[in-house]
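Rule-based calculations on the coordinates, nothing more; no lab input. Fair warning: this is a prediction, and the values are worked out from it, not measured in the lab. A quick note on method: Cβ atoms are made from the backbone with ideal geometry, for glycine too, and the neighbour counts reach across all protein chains shown.
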Amino acid sequence: MEQTLERFIYRFFKLLELLIVVCMLAMVVMVFGNVVLRYGFNRGIDISDEMARYFFIWLTYIGAMVAMREKGHLGVDTAVKHLGVGGKKLCLFLSEALMLGCNVLFFVGTWKMHELQVSNVSPVVGMSMIWVYGIGYVVGAVMGLMNLHVLYRLLTGRLREDELVQVIETEGLADVEKQIREAKA
């Protein structure tokens, strides 16, 4: 059962990565094609600017979900990594609880704006704007579930001590810190 769930999560995030590539490719083709058509043929594709903007919105939010899973968001662990285990647990709890609160607000805000966005249509393409701003449902739910998963693992004692600091250092920074520790020794 657990392997099936992990396989589903892996495939879901691979699908999100594919969507990022598709959005980026569509943006490049539409914008570049429009530039060529405008300068070369004095014509343009009306929907390309608007659709590129909508793809950018989706690309940003999908990228945020993928980055959260890979722990790629910016974080400051300067003080947290020097705390004891209890302090690290408290900071992780507060961090995840606050992020969960933000994701709940994001989901609820999308819910409250749903009716307005359904009836609001884009000026050029003419599609319902819920197709653009409905990403709030996906982001709020997926990132909220990730927060709940970390909180569950934290509260049940299933997190290892090295997982209590949720920031992954860049390789260069880790090398510099290692050299500083060696120089002090």
Exercise for review: Kindly provide the helix-only [θ] at 222 nm of the chain, computed as the sum of -39,500 (n - 2.57) over DSSP H runs of four or more divided by all residues, to the nearest 500 deg cm²/dmol?
Suggested key: -26000 deg cm²/dmol
Check your understanding: Please state the relative contact order of the stretch 18-157 as a whole percent: Cα pairs under 8 Å, 6+ residues apart?
Key -> 25
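When you count, for each residue, the other Cβ atoms within 10 Å and take the mean per peptide, how do 153-161, 43-51 rank with the highest first?
Taking the mean over residues of other Cβ atoms within 10 Å, the ranking is 43-51, 153-161.
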**Study point:** Label-point separation, Val35 to Val66 (7 Å along Cα→Cβ), nm
**Key:** 2.2
Practice item. Take the alpha carbon atoms of the stretch 8-30, find their center, do the same for the stretch 36-58, and report the distance between the two centers in whole angstrom. Key: 20
Check your understanding: Each residue of the stretch 10-16 in order: what ³J(HN,Hα) in whole Hz does its phi give by Karplus 6.51 cos²θ - 1.76 cosθ + 1.60, θ = phi - 60°, with x for Gly and Pro?
Key -> 4, 5, 4, 6, 5, 5, 4
Check your understanding: How large is ³J(HN,Hα) for each residue in the stretch 95-107, as worked out from phi by the Karplus curve 6.51 cos²θ - 1.76 cosθ + 1.60 (θ = phi - 60°), to whole Hz, x for Gly and Pro?
Key -> 4, 5, 5, 5, 5, 4, x, 5, 5, 5, 4, 5, 5
Study note, to complete from the structure: In order over the stretch 22-28: 3J(HN,Hα) from phi, Karplus 6.51/-1.76/1.60, θ = phi - 60°, whole Hz, x for each Gly or Pro, gives 4, 4, 5, 4, 4, 4, 4
Review point. If you line up the long axis of helix 135-155 against the longest principal axis of the chain, both from Cα atoms, how many degrees apart are they, to the nearest 10?
Key: 10
Exercise for review: Please work out whether the chain counts as rounded, prolate or oblate from its C-alpha gyration tensor, where a ≥ b ≥ c are the square roots of the eigenvalues and a/c under 1.5 means rounded, while otherwise a/b larger than b/c means prolate and anything else oblate?
Suggested key: prolate
Exercise for review: Please give the contour-minus-distance gain from Leu19 to Leu94: 0.36 nm per residue of separation, less the Cα-Cα distance, rounded to one decimal in nm.
Suggested key: 23.8 nm
